[in-house]
Amino acid sequence: GGMFSYHSINATTAALSIFTPVTGATTPNKIAVSPNGKYILTYKSANSIDVWKIEAGTVSFQSNTGVGGIVSDLFITADGATAIATVGPTINVMSFDSTTGVLGTPVAVGNTQSINSVAFHPDGIHFYAGSTADIRAYKFDKVAGATGLGTTTFAGNGRIAVDASGKYLYTLTAMDVYRSTISTVNWTVNTPTAVIPVGCSTTSFGLAASH
């Protein structure tokens, strides 16, 4: 689309207000909100990430950081201290200050497959990268970056999610939802097995696990 917008939420009824377009938000198609609710990150077609400040019910542009390609997934870690953007086979790790909104220079972590999505484990240390060929486990460190732990071959659509318990990872094929058990020894996942036969195409859809 050509813009993004925001709504206020009625605390009693949970109803949304009429949307308010954000000025200057051109062609964003990925979005992440900081855990403290003060900042928004968006990716746009210019191969860069914009930082937006939320204050007194309004959203205003703050800064821009280049990431060198088309972003397939964008999120902020649960502690609000790190942002991750995947570009092709590369995981870009950036420091993020949830108090000031300052986004650091991307540090690239390589992968041999083009990544469709990334999901963090609830421990905030381990995460998973999904592609159409496999699911890869990583250990995250704010100083050292990401270290690969292992790969599980699986021909899905690359969309993954980790549940709130941290025991399972879910992924999709063209027709079904699959589940893997996460090892507490080496943090890799076993070969996914079908748990929800959807019976219709899920290729164009994302995936979210309950928290």
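The values are calculated or read from the model by the stated rules, or taken from the named source; none is laboratory data. Please read these numbers as outputs of a predicted model, since none were measured by experiment. Cβ atoms come from the backbone with ideal geometry, glycine included; neighbour counts cover every protein chain shown. Note: accessible area is taken over every heavy atom of the protein model, side chains too, but ligands, DNA and RNA are not part of it. Shrake-Rupley method; radii C 1.70, N 1.55, O 1.52, S 1.80 Å.
Among the residues of the stretch 31-45, which ones are in a strand (DSSP E or B) and more than 18 Å from Ile70 (Cα to Cα)?
If the condition is that a residue be in a strand (DSSP E or B) and more than 18 Å from Ile70 (Cα to Cα), then Val33, Tyr39, Ile40 are the ones that fit.
I need a count of the residues in the stretch 109-136 that are surrounded by fewer than 19 Cβ atoms within 10 Å (Cβ to Cβ), under 16 Å from the mean Cα position of the chain (by Cα) and among the polar types (S, T, N, Q).
Number of matching residues: 1.
For the stretch 46-72, enumerate the residues that are open to solvent by 30 Å² or more (accessible area, probe 1.4 Å), out of contact with any Asp or Glu (no Cβ under 7 Å at 6 or more places or on another chain) and not small (Gly, Ala, Ser).
Answer for the stretch 46-72, where residues must be open to solvent by 30 Å² or more (accessible area, probe 1.4 Å), out of contact with any Asp or Glu (no Cβ under 7 Å at 6 or more places or on another chain) and not small (Gly, Ala, Ser): Asn47, Lys53, Ile54, Glu55, Thr58, Gln62, Ile70.
Could you check the stretch 46-65 and list, in sequence order, the residues that are part of a strand (DSSP E or B), over 17 Å from Thr99 (Cβ atoms) and at pLDDT below 85?
If the condition is that a residue be part of a strand (DSSP E or B), over 17 Å from Thr99 (Cβ atoms) and at pLDDT below 85, then Ser48, Thr58, Val59, Phe61, Asn64, Thr65 are the ones that fit.
Hey, can you tell me all the residues within the stretch 137-157 that are buried (at least 17 other Cβ atoms within 10 Å of the Cβ) and out of contact with any Leu (no Cβ under 8 Å at 6 or more places or on another chain)?
Hits for the stretch 137-157 are Phe140, Ala146, Thr151, Thr152, Phe154.
From the set of residues in the stretch 31-45 that are open to solvent by 60 Å² or more (accessible area, probe 1.4 Å) and at pLDDT below 85, which is farthest from Tyr128 (Cα to Cα)?
The residue in question is Ser45.
Which residues, taken from the stretch 125-167, are polar (S, T, N, Q), outside any loop (DSSP other than H, G, I, E, B) and modelled with pLDDT under 90?
Thr147
Just the residues that are exposed (fewer than 15 other Cβ atoms within 10 Å of the Cβ) and outside any loop (DSSP other than H, G, I, E, B), please, taken from the stretch 90-107.
Ser95, Val107, listed by residue number.
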